[in-house]
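Below is one structure, written out as structure tokens, with a few remarks after it.
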Amino acid sequence: MTLVIHHIENKEMTLQEIYRALKKGGKCVIMTTSHSRIRKHVINDFPGVTAIDLKRFPSVPSIKKTMIKMGFRNVHYHVVQHGEEYMPKDEYLERVRNKYISTLTLLSEKAFQRGFKIFEHRIRRKYGTQIRRILGFDFVIGQK
């Protein structure tokens, strides 16, 4: 699963079904965003987004606990960092304006517009011409 688990309402049932469908020795790999990564993301300057994402994304320990409960073994967490990128500030602002992450679509249009004005002000004040983003993924892996 790649950035899916936070969209699933019944995580236990989903993991139970994945476990059932796997062959013995098969692996379930969940790519997610850890709470630590959420707190460090550039989008944190957008009012309210961090609180929404911390509620939406299950913590890595809770995913591991649920996987173990469903019968997975050798459950572990792995971080893959693959560098960084620099994006022009205006390009990043345009991505946010177009609601490139699903969290932004959860805001009312009024809340989004109000938040975007604050976000844009913060970003223009905080960064030069480029925004540095550390690229990485958080994986939780379990085996049947």
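All of the numbers you see were taken from the coordinates with simple rules; none came from a lab. None of these values were measured; they are calculated from a predicted model. Here Cβ is always computed from backbone atoms with ideal geometry, including for glycine, and neighbour counts include all displayed protein chains.
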Go from 0 up to the bin containing the longest alpha carbon distance in the chain, width 5 Å each, and give me the % of pairs per bin.
2, 9, 17, 19, 16, 13, 10, 7, 5, 2, 0
GNM top mover of SER108, SER59, SER34 - the chain, alpha-carbon springs below 10 Å
SER108
Quick one: if the Förster radius is 25 Å, what FRET efficiency do GLN113 and ARG133 give, using the C-beta to C-beta distance and rounding to 0.05?
0.55
Cut-off under 5 Å, modelled amide H: who pairs with GLY136 long-range:
HIS82
So, R0 is 25 Å and r is the distance between the beta-carbons of LYS99 and ALA21; what FRET efficiency does that work out to, to 0.05?
0.15
How high is the relative contact order of region 1-79, in percent, counting Cα pairs under 8 Å that sit 6 or more residues apart?
36
Need one number: nm distance between label points at ARG125 and GLN143, each 7 Å from Cα along Cα→Cβ, rounded to one decimal.
5.2
Using helices alone, what [θ] at 222 nm do you get for the chain, with -39,500 (n - 2.57) per DSSP H run of 4 or more residues, divided over all residues and rounded to the nearest 500?
-13000 deg cm²/dmol
Find the eigenvalues of the gyration tensor of the Cα atoms of region 98-144, then list the square roots of 5 times those eigenvalues as equivalent ellipsoid semi-axes, largest first, in whole angstrom.
29, 19, 7
Evaluate the relative contact order of the chain (contact order divided by residue number), counting alpha-carbon pairs under 8 angstrom at least 6 apart; express in whole percent.
40
Quick one: go through region 24-65 and flag any residue whose amide nitrogen is under 17 Å from the point 7 Å out along the Cα-to-Cβ line of ILE8.
26-34, 56-65
